[in-house]
Amino acid sequence: MTELALPLFFDVLRLLLAAEVTLVAEAAFQDHVWRPRLEELTPLADLRVVQCRVEPAVAHARRRMKPGAHARLPDTIEDWEQAYSTFERLAIAAPSIEVDTGDGYRPSFAEIIEFVNGGEPDG
C-alpha cells in the first residue's frame, strides 16, 4: 500500500502547490523519503518545517491507550527506544521548529502558528 500511496501523496502536494494552495503536509516519513521529494517542490512552496517529538516512553504509553492504532509498531518500550534511536529526522534547508508534544506543546501552539505564518522560532 505504501508503494502506491507515497507517489500519490507527493503528486497531490505538487498539484495543490502548483495551484497556489496553502497546505500542511503531515507524515512521519524519514529524511530519505521526505527530503528528495520536498526539494523538488521547493520552487513551488515557502517551506516551513514543524517537527514534533516525544520521548519513546510517552509514545509507547499513548499507543497503549489506542490498541491497534499502530499495529506495525513494536510492542515493548525497548523496541520503541530502538526505533526512535534509528529514526532519521528530516534535514532540509528550510526554516524549522521542533515541538515537544510530551505534555501539551513546547513551544506553545500560538508560537507554532506564528512560525508557520512566517515568524522565526525563538530557539
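Do the sum for the chain: with -39,500 (n - 2.57) for every DSSP H run of n ≥ 4, divided by all residues, what is the mean residue ellipticity at 222 nm, to the nearest 500 deg cm²/dmol?
Theoretical 222 nm ellipticity from helices: -14000 deg cm²/dmol.
If we count other beta carbons within 10 Å of each Cβ, what is the order of S85, S96, fewest first?
Details: S85 8, S96 16.
Ranking S85, S96 by Cβ neighbours within 10 Å, fewest first, gives S85, S96.
Give me the angle, in degrees from 0 to 90, between the Cα long axis of helix 56-65 and the longest principal axis of the Cα atoms of the chain, rounded to the nearest 10.
Approximately 80 degrees, to the nearest 10.
Compute the angle between helix 2-18 and the longest alpha-carbon principal axis of the chain, please, reported from 0 to 90 degrees and rounded to the nearest 10.
30 degrees
Given points 7 Å out from each Cα along the Cα-Cβ axis, report the A83 to I113 separation in nanometres with one decimal.
3.2 nm
If you work out Rg and Dmax of the Cα atoms in Å from the coordinates, which of (i) 13.7, 44; (ii) 16.0, 45; (iii) 14.9, 52 do you get?
Among (i) 13.7, 44; (ii) 16.0, 45; (iii) 14.9, 52, the one calculated here is (ii).
Could you please rank I92, I97, placing first whichever residue has the fewest other Cβ atoms within 10 Å of its Cβ?
Placing the least packed residue first, the sequence is I92, I97.
So how tilted is helix 31-41 from the main axis of the chain? Cα-based, degrees 0 to 90, rounded to 10.
That helix lies at roughly 20 degrees to the long axis.
Each reported figure results from applying straightforward, stated rules to the coordinates on display, with no laboratory input. Owing to the predicted nature of the structure, the values given are computational and were not obtained by experimental measurement. All Cβ positions, glycine included, derive from the backbone under ideal geometry; neighbour counts span all protein chains shown.
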